[in-house]
Amino acid sequence: MSGCLDDIRCIECDIGEYRNPIAASIAGVLGAAGWWVFIDAATTDQFNPAFCVCGIVSMVGLLMINAISTGQLHGDAYSGGCLGQTGSRIWFIFGFGCLFGGLISSGWILFASYVVPHAKDVWPGVAVFLQNVLLFFSALTFKFGRTEDPYRF
């Protein structure tokens, strides 16, 4: 199975051997940056503590889509259980639903709570939206940037 980063070539190096560590590192930096931005915004006076739910839902989605392998989605590696391949696909789609739900609700928070009422400080709304964008791209990088070759780390 080919991945998203198979055709990327450096000028003098081949990242094929280091593909999994590079993708995992990029995904980790994106996820940590998302939470760092959120924590920065949570220290302001304009921040409502209920806005942390979007980030939690996105983080659950990130964990859900990365909890199953691509082989389970294709039916190559998993045939048992209550629902088998169909169950893993439902789990995967529900995980993406959590990611998109967090992203859409954070956009709603940004505009409904900060932009439209012309708040003095818009940074908390931007930070909540930016956190969910970074978590979304972190999930995509970690899921589709790695290869699932059992002999490669």
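Please work out the FRET efficiency for the pair residue 24 and residue 116, using the Cβ-Cβ distance as r and a Förster radius of 41 Å; give the result to the nearest 0.05. FRET efficiency, residue 24 to residue 116: 0.60. The C-alpha atoms of the stretch 14-91 occupy a region whose extents along the principal axes are 52, 40, 11 Å, arranged from largest to smallest.
Per-residue Karplus couplings for the stretch 137-146, computed as 6.51 cos²θ - 1.76 cosθ + 1.60 with θ equal to phi - 60°, are listed in order as 6, 5, 5, 5, 5, 6, 7, 9, x, 9 Hz, Gly and Pro entered as x. As a proxy for reagent exposure, ranking 130, 135 by other Cβ atoms within 10 Å from fewest up yields 130, 135. For the stretch 20-144, the relative contact order works out to 44 percent when only alpha carbon pairs closer than 8 Å and six or more residues apart are counted. Calculated translational diffusion coefficient of the stretch 46-104 (4 °C, 1.567 mPa s; Stokes-Einstein with Kirkwood radius over alpha-carbon pairs) equals 105 µm²/s.
Its residues counted as N, the stretch 20-144 yields a C-alpha radius of gyration over 2.2 N^0.38 Å of 1.21.
Just so you know, all these numbers are worked out from the coordinates, no wet-lab data involved. In this text the structure is predicted, and so the values were computed from the model without any measurement. We place every Cβ from the backbone using ideal geometry, glycine too, and count neighbours over all the protein chains shown.
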